[in-house]
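What follows is a single structure, written as structure tokens, with notes after it.
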Amino acid sequence: MVGTPSAVDEQPKPHAALRPVSLFEAFLFWLKLGFISFGGPAGQISIMHQELVERRRWVSEKRFLHALNYCMLLPGPEAQQLATYIGWLMHRTWGGVIAGALFVLPSLFILIGLSWVYIVFGDVPVVAGIFYGIKPAVTAIVVHAAHRIGSRALKNGWLWAMAAASFVAIFALNVPFPLIVLAAALIGYAGGRFAPDKFVIGGGHGAAKSSYGPALIDDDTPTPEHARFSWGHLLRLLLVGAALWCLPMGLLTLTFGWGATLTQMGWFFTKAALLTFGGAYAVLPYVYQGAVGHYGWLSPAQMIDGLALGETTPGPLIMVVAFVGFVGGYVHPMFGAEHPFLAGAVAASLVTWFTFLPSFLFILGGGPLVESTHDEVKFTAPLTGITAAVVGVILNLAMFFGYHVLWPKGFGGAFDWPSAVIALAAAVALFRFKRGVIQVLVGCAVLGLVVHWVRV
């Protein structure tokens, strides 16, 4: 976490002390943020608030939360979209592209390197021991995520019932994740109309309560010209976005065919990008259903390991898709058996492109509509319904991970009690002692090494 002076310790700067921020200065900040953005969306948003609102005063508290409330309504990683929004508001389209891209690129390069180490050296005793300890920790982390989201979202019996129904739908009936999201959105929309007190519970970040002094983009700063809504601008953006999607998808189809690994990855992760309501944990079951169950790009155990790597790297947790892409490309090399790393790196990059392209379009296209009001974003009832359903889906994911960790050879095999002990220790650290994800993963990795050493 970046150490910054608090609003109490530091006196507000007068307007005269605030100077315009150049695009290069902003570039350096977004680059640094890309390397220090650990802690998931809550930690990432906290870092941006400390740096942009409290310390640098590039944007006011009210404008920051206004942008955040909009990003919460969108599919996709809200912290990355918030960075894109503020970069766009300050420095037009290129500012948004730079901010959003630098939030992702460091994580992509790190994950490509870690994925290669995992594939090539995964059987080395030290590496195997580390991942042995990390897998039960990931199970506890997913359970903790379900609890965290549920405690915030399930405010009444209606929402509890939706969470239970979504769990039964995906666990017992194997209903596809997109259908669960659609049904939850429709129920939420209807509930917002006929029982708004049950479904419209508002955003989770509240309203601006603090003043940190004047900001470059203050509460009363007029909307800049580039942020004003224009049908012509929206149409041009949609055309550019369609071209940026169709061009690589068309080239992949013409070069490799529609059924090829890279082409199907592009199509699958485009759909996944539009379903990430509620954060990365919400879309992980869909990624599992497709990447593991349908396409066979990686195994269940590899999926758990990939989530662990995603937790330990900066950037959005949804970047676990880069691991999925790398492993799928490495195992199914499309450039010949002698170039598996190239295939994995290209697959990871393409998956990242198709996953994040919609996020940029949502911000650059929808930002002017949001800036035209400066009011609290409304119509959150469908999101409320989706978030409730997501709790049940995440709980199913935790059970899936737990099964593969505690009974690695199926229920017919032996119960892995050391993994159960590590999972319990991770749960106690998360729930009782409020330890961070990185601390829990490091501690469990050490325990895994010890167990692996004793067994050998």
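Brief remarks follow.
- Pairs with Cβ under 7 Å, 6+ apart, first in region 99-112 and more than 24 Å from Q302 (Cβ to Cβ) and at pLDDT 95 or above, second of a type in the set (A, V, I, L, M) and open to solvent by 20 Å² or more (accessible area, probe 1.4 Å): L102/L31
- Residue within region 145-166 that is closer than 25 Å to W417 by Cα, modelled with pLDDT of 85 or more and under 20 Å from the mean Cα position of the chain (by Cα) present: yes
- H294 meets all of the listed conditions (1) within 21 Å of I130 (Cβ to Cβ); (2) modelled with pLDDT of 85 or more but one, namely (1).
- D416 passes every criterion in (1) closer than 14 Å to A140 by Cβ; (2) of a type in the set (D, E, K, R); (3) surrounded by 19 or more Cβ atoms within 10 Å (Cβ to Cβ) apart from (1).
- Subset of region 419-438 (residues that are among the hydroxyl-bearing types (S, T, Y) and either open to solvent by 80 Å² or more (accessible area, probe 1.4 Å) or not in a helix (DSSP H, G or I) (or both)): none
- Scanning region 200-226 for residues that are of a type outside the set (G, A, S) and modelled with pLDDT of 80 or more gives P214, L216, I217, D218, D219, D220, T221, P222, T223, P224, E225, H226.
- Single unsatisfied condition, D375 versus (1) open to solvent by less than 50 Å² (accessible area, probe 1.4 Å); (2) at pLDDT below 85: (1)
- Considering residues of region 216-235 that are in contact with a helix residue (DSSP H, G or I) (Cβ under 9 Å, 6 or more places away or on another chain) and part of a helix (DSSP H, G or I) only, the residue surrounded by the most Cβ atoms within 10 Å (Cβ to Cβ): A227
- Among the residues of region 402-418, those identified as part of a helix (DSSP H, G or I) and either of a type in the set (D, E, K, R) or out of contact with any Asp or Glu (no Cβ under 6 Å at 6 or more places or on another chain) (or both) are G402, Y403, H404, V405, W417, P418.
The values are calculated or read from the model by the stated rules, or taken from the named source; none is laboratory data. Quick caveat: nothing in here was measured; it's all calculated off a predicted structure. Using ideal geometry, Cβ is built from the backbone for each residue, glycine included, and neighbour counts are taken over all protein chains shown. The area values use the complete protein model at the heavy-atom level, side chains included, leaving out ligands, DNA and RNA. Shrake-Rupley method; radii C 1.70, N 1.55, O 1.52, S 1.80 Å.
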